[in-house]
1. Could you list all residues from the range 188-236 that are touching a residue at least 40 places away in the same chain (Cβ under 8 Å) and basic (Lys, Arg)?
2. Take the range 387-399 and flag every residue that is open to solvent by less than 80 Å² (accessible area, probe 1.4 Å) and either assigned by TED's automatic domain parsing to the domain that holds GLU283 or more than 26 Å from ILE272 (Cβ to Cβ) (or both).
3. Quick one: how many residues across the range 253-299 are closer than 14 Å to TYR380 by Cα and basic (Lys, Arg)?
4. Say we look at the range 59-93 and pick out the residues that are at pLDDT 90 or above and in contact with an Asp or Glu (Cβ under 7 Å, 6 or more places away or on another chain); which of these is surrounded by the most Cβ atoms within 10 Å (Cβ to Cβ)?
5. Enumerate the pairs (first residue in the range 269-298 and more than 16 Å from GLY354 (Cβ to Cβ); second residue anywhere and part of a loop (DSSP other than H, G, I, E, B) and of a type in the set (D, E, K, R)) with beta-carbon separation below 6 Å, excluding pairs fewer than 6 apart on the same chain, so at least 6 apart or on different chains.
6. For the range 276-364, which fully contained strands (runs of 3 or more DSSP E) count at least 3 residues that are assigned by TED's automatic domain parsing to the domain that holds SER262 and polar (S, T, N, Q)?
7. Please identify the pairs in which a residue from the range 360-380 that is closer than 15 Å to GLY317 by Cα has its Cβ atom under 8 Å from the Cβ atom of a residue that is part of a strand (DSSP E or B) and among the charged types (D, E, K, R), counting only partners at least 6 apart or on another chain.
8. Mind checking whether some residue in the range 138-154 is surrounded by 15 or more Cβ atoms within 10 Å (Cβ to Cβ), within 21 Å of ALA178 (Cβ to Cβ) and among the polar types (S, T, N, Q)?
Amino acid sequence: MGSIVVTELGKAYRQYPTRWSRLREWLTPWRGPNHSLKWVLQGISFRVSPGEAVGIIGINGAGKSTLLKLITGIIQPTTGSAQMGGRAAALLELGMGFHPDFTGRQNAIMAGQLLGLQAREIGLLMPSIEAFAEIGEYIDQPVRVYSSGMQVRLAFAVATAVRPDILIVDEALSVGDAYFQHKSFDRIRRFREQGTTLLIVSHDRMAIQSICDRAILLDRGHLVKGGAPEEVMDFYNALIAERGNATVTQRKTESGRVQTISGSGEATVAGITLLDDMGNPVEAIDVGAPVTLCVRVRINAPIPRLVLGYMIKDRLGQAMFGINTHLLEMPIENMRAGEMVDYRFAFQANLGPGSYSVTVALHRDATHVSHNYEWKDLAYLFEVINLTKRTFSGCSWLEPECTISRRDSPEAVHE
């Protein structure tokens, strides 16, 4: 079984003030260093247990790819250590080191050997590699004529031809088309069920929350948070919203879930409730029932523009539906301190049975990423139960109209 242990891992690169400083340092080492250190990662420690799936998130430049390269041994650490137990397969960069002048088949053979496979094993696996990659006759064409998506298809097919103890995946899969992404994640899920340890970097919230047991957040080269995927993703979304001015707080609710609240506080949610078609507050509703989400907002300081958005999430924190008044072309301009605003959103709750939460965001522009007044996760919780509809599976109620045509075959008529 695969395990990963990272202990006080750090990576720094030398920075020289001039182009001659490097030469001066080489020629006169007794004078001391002529460089400063630029730390990309510092003090990173975590452990991934056998069979566990961990997601790594963070903004571009946070150090995610550098961390994976240190773990896989592509680059050497400045401080600390990273150890892996078991056979590992990694998909870190586009093409996985493919040689552009060799064919896809030749590159697949070389990549397989780098993974520790024997030539005979690779020969037996080649038909399944070709079938999974689905690049047809291009398998015998030079890789330099491949599109980026074709390179990803072949690289992933080779890396996962044999189930590894540890699978490490960077954001390379985001290059592929939607069909191949679904196909790849299906294989990753199957490996997980069979006991493969997974370390994955992705900006895809749905992927992190559906696959991973937990997530870790990197920011400016430091590990700033680790925990349940929903909790870490909520904190990450709050962190990227107006980083210089917003505050981020998290607290545990009575239900045991962690609520994230961020924003400047210039406008805040004063109350939120869900009403049935008779105007009564409800916490449990029938599938497809007409409901109204009511949100009261308090203006605490003059603001030039107010947009309110809400997101309905399932129990895993995956988004079911979201909208805001900017997209509805209903923003409010020039708000004064002390004003109160009441919003009412009426809709049919065409959701599958289960537990749901409502996230509310107050901001100035199209999204909460800039000028975030308040972002509040788990602002309201409710249950959906199926009382009146046919039994169905899934998170959405999409009742079909089914037509069936039945007729004799031409062969039966002539008999």
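1. ARG192, ARG205, ARG214, ARG220
2. LYS389, PHE392, GLY394
3. 2
4. It comes out as LEU68.
5. Close Cβ pairs satisfying both conditions: PRO290/ASP277.
6. 354-363
7. Short answer, once both residue conditions are applied: VAL360/GLU374; VAL360/LYS376.
8. Yes.
The values are calculated or read from the model by the stated rules, or taken from the named source; none is laboratory data. Just so you know, these numbers come straight off a predicted model, no measurement behind them. When we count neighbours, we look across all protein chains shown, and the Cβ atoms used for this are built from the backbone with ideal geometry, even at glycine. In case anyone asks, the SASA skips ligands and DNA or RNA and just uses the protein heavy atoms, side chains included. Shrake-Rupley method; radii C 1.70, N 1.55, O 1.52, S 1.80 Å.
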